[in-house]
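The values are calculated or read from the model by the stated rules, or taken from the named source; none is laboratory data. The structure displayed is predicted, hence computed values, not measured ones. In this analysis, Cβ positions are derived from the backbone assuming ideal geometry, glycine residues included, and neighbour counts consider all displayed protein chains. Each accessible area value is taken on the protein alone, full model and side chains, heavy atoms only, with ligands, DNA and RNA left out. Shrake-Rupley method; radii C 1.70, N 1.55, O 1.52, S 1.80 Å.
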Amino acid sequence: PTPRDLPDVPHIHGTSEQATQCGAGYAGAADRLCILAVLRHYGRGELSAFLVPSCSDERMDRDQLLLTGYSDEELQAQFDNMSLYGEQGVRFKRLFTSYVDGINHYISQVLLDPSKLPGDYAAAVGPPTTWTVKDVIAIAGLVGGIFGKGGGGELDNAGLISYLEKQIGAAPAKQVLTSFRSANDPLAPTT
């Protein structure tokens, strides 16, 4: 268990990076097991299998599968390929695994003592199940899809400027492209 202070904030201490990351996974699961499970299943396009199925959950699954749709093998390959980034990638894999170990440690305690199961888990179909690094990668795909929807026109813009440069030259092409886009959204609040 992770020591806490008021208002119930966990203090995570470890003798190594991996131990600290394991504590973070444990505290995260202790505080938000149900929301972690929702994100895990949503990221894999399996939300309707986790919650009592509804049309909206099935639609969310469909949309997520169209956005990422990674197979288990592809999720695992993303984790495995972190090693391609040298020592930082290897370090990240260790920390990633330790985080998942912390989540699983809490889940093992819940399975032994159902009183630790959060009340909101009653909406789920079945008890918590063991996590893998693939689940965290699936959540990353979900988050990337949510926050990546606001942009992504770079390839189209590159094609357009290349075409315009051939037709009218570099300086006029840049001016034309700039006239089509807005650097500031006039409807966006400023702070």
What residue among T68, T129, T97 shows peak mean-square fluctuation when the chain is described by a Gaussian network model with Cα springs under 10 Å?
-> T129
How large is log10 I(q)/I(0) at q = 0.10, 0.11 Å⁻¹ when the Debye formula is applied to the Cα atoms of the chain, each weighted equally and without solvent?
-> -0.61, -0.70
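By the gyration tensor of its Cα atoms, with a ≥ b ≥ c the square roots of the eigenvalues, what is the shape of region 101-163: rounded for a/c under 1.5, prolate for a/b over b/c, or oblate?
prolate
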In a GNM of the chain with a 10 Å cut-off on Cα contacts, which of L65, L111, L51 has the highest mean-square fluctuation?
-> L111
Averaged per residue, what accessible area in Å² does the chain show with a 1.4 Å probe, protein chains only?
-> 64 Å²
Inter-label distance, nm, simple model (7 Å from Cα along the C-beta direction), T20/Y121 = 2.9 nm
In whole Hz, the Karplus estimates of ³J(HN,Hα) for region 116-132 (6.51, -1.76, 1.60; θ = phi - 60°; x where Gly or Pro) are 7, 6, x, x, 6, 6, 4, 6, 7, 8, x, x, x, 10, 4, 8, 10
Go through region 85-101 residue by residue and turn each phi into a ³J(HN,Hα) via Karplus (6.51, -1.76, 1.60, θ = phi - 60°); whole Hz please, and just put x for glycine and proline.
-> 9, x, 4, 4, x, 5, 4, 4, 4, 4, 5, 4, 5, 5, 4, 5, 4
Treating the angle as unsigned and between 0 and 90°, give the value, to the nearest 10°, between the Cα long axis of helix 154-168 and the longest Cα principal axis of the chain.
-> 10 degrees
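How high is the FRET efficiency between R62 and A170 when r is their beta carbon distance and R₀ equals 30 Å, given to the nearest 0.05?
0.10
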Say we join alpha carbon atoms closer than 10 Å with springs in a Gaussian network model of the chain; which of Y163, Y121, Y106 then has the biggest fluctuation?
-> Y163
Residue span S83 to S108: 0.36 nm per residue of separation minus Cα-Cα distance leaves a gain in nm of 6.1 nm
Which of rounded, prolate, oblate describes region 59-121, given a ≥ b ≥ c as roots of the alpha-carbon gyration tensor eigenvalues and a/c under 1.5 marking rounded, otherwise prolate only if a/b is larger than b/c?
-> oblate
